[in-house]
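See below for the structure under consideration.
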Amino acid sequence: MNIEDYKLYLNYRIFLKAKFKGYLKTAFNQNELAGNNFENNDFYEALKTEAESEINLLDKFKIIPVKTSRLINYFGRKSLNPALPQFLHIYGRDDLFDAAGILESKIRSAQGIFLTSSRFEGAKIYKPSADILNSLYSYLSDGSGNPKFDFICIGTNSEAEIEFIRKFSEKFFLIVLPSSSLINLTPLNLNKIEQGLLHISAFDPFSKNSKYGFALRNSLAFHLSREVAVFYLSQKSSLSALIKKFQNAGKKVKIFEVESHSGSDTGFPFPVNSRKNICGNNIRQHDAIQQFIINSLEKENIAIDNLLKLSNIKFNADDKEIMKAISILEINSEIERCPGGIIKKL
């Protein structure tokens, strides 16, 4: 980082600390973070040493902060929820970086493909066959064997992704998108099959709350990719919400294997717990709590704690039962859980 970027990132880390400790009463924009208006606060010097220690630790592990806007077009107000942070954190081979940071000519917004998979097939962990892996390789390549995409975004949370990395990591430029802290992916702990890959994380490396790790990972994947390819999609996969987001944005979705069920699979890849009205439109069946949640979100987004309170008052139900209803609606791609504990209707 140059001096200007270092100062902005230092102030960003101080801002996060001040917000967490309750020192902030006013919102600061990016210009104010870089200026005296922010630095003149009483808490600034007290938190500066802590922030500098964090930056030194990132430097030790060769984790580089990069402005999100450098890699993603239209970052900011036009960015879809969940909102991405001001900085992304990157770890990878030295040859992937230049003096200014990441090679932006190699990583351009919406020029990649996101490769993912449901983890379980029935009660077993899903592992793709050789035929599926070869079909995917053909799909990702042109007729001459060259990649059709600038890069492939991939997680390592499923056997399908790991198998792809083992077989094709030398043929494609792969970017791992972790859903947890990069501090935990240092060279000492990093899985051997991931060591040669580039890691980009939207999750703050010093955050102790990983509740929204996957939501941030998926949002980053959406912005970096123009398409999503799914090894295997189960009927109750939470990937349905991500697939719907890609489709609503006009981005292509390619699914290689789908969970087979006896009976109709109308409407799949979205869950098939639905019936058709006389016009042929899908109508999902909700229980009373699910319908109340949907109705409550019609006009505005609601924090999950407030939604629990409203549902408790209405039905005198315990939190476990309400959270189950929320999870079902989320699986059915009807609602989305966003950072900050906010629930919104899709």
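The values are calculated or read from the model by the stated rules, or taken from the named source; none is laboratory data. The shown structure was predicted, so the numbers you read here are calculated from the model rather than taken from an experiment. Every residue, glycine as well, gets a Cβ built from its backbone with ideal geometry; the counts of neighbours run over all protein chains shown.
Before moving on, here are some points about what is shown:
- Within the stretch 105-127, the set of residues being polar (S, T, N, Q) and either touching a residue at least 12 places away in the same chain (Cβ under 8 Å) or in a strand (DSSP E or B) (or both) comprises Ser109, Gln111, Thr116, Ser117, Ser118.
- Residues that are charged (D, E, K, R), within 17 Å of Val66 (Cβ to Cβ) and not in a loop (DSSP other than H, G, I, E, B), drawn from the stretch 203-226: Arg217
- Selection from the stretch 111-129 of residues that are touching a helix residue (DSSP H, G or I) at 6+ places or on another chain (Cβ under 9 Å) and farther than 19 Å from Leu239 by Cβ: Gln111
- Residue list for the stretch 303-336, filter: part of a strand (DSSP E or B) and crowded, with 20+ Cβ neighbours inside 10 Å: Ile335, Glu336
- Selection of the stretch 130-181 for residues being over 26 Å from Pro205 (Cβ atoms), outside any helix (DSSP H, G or I) and in contact with an Asp or Glu (Cβ under 9 Å, 6 or more places away or on another chain) yields Lys148, Phe149.
- Breaking point among (1) crowded, with 19+ Cβ neighbours inside 10 Å; (2) modelled with pLDDT of 85 or more; (3) among the basic types (Lys, Arg), for Lys254: (1)
- Residue in the stretch 63-76 that is closer than 30 Å to Tyr139 by Cα, modelled with pLDDT of 85 or more and among the polar types (S, T, N, Q) present: yes
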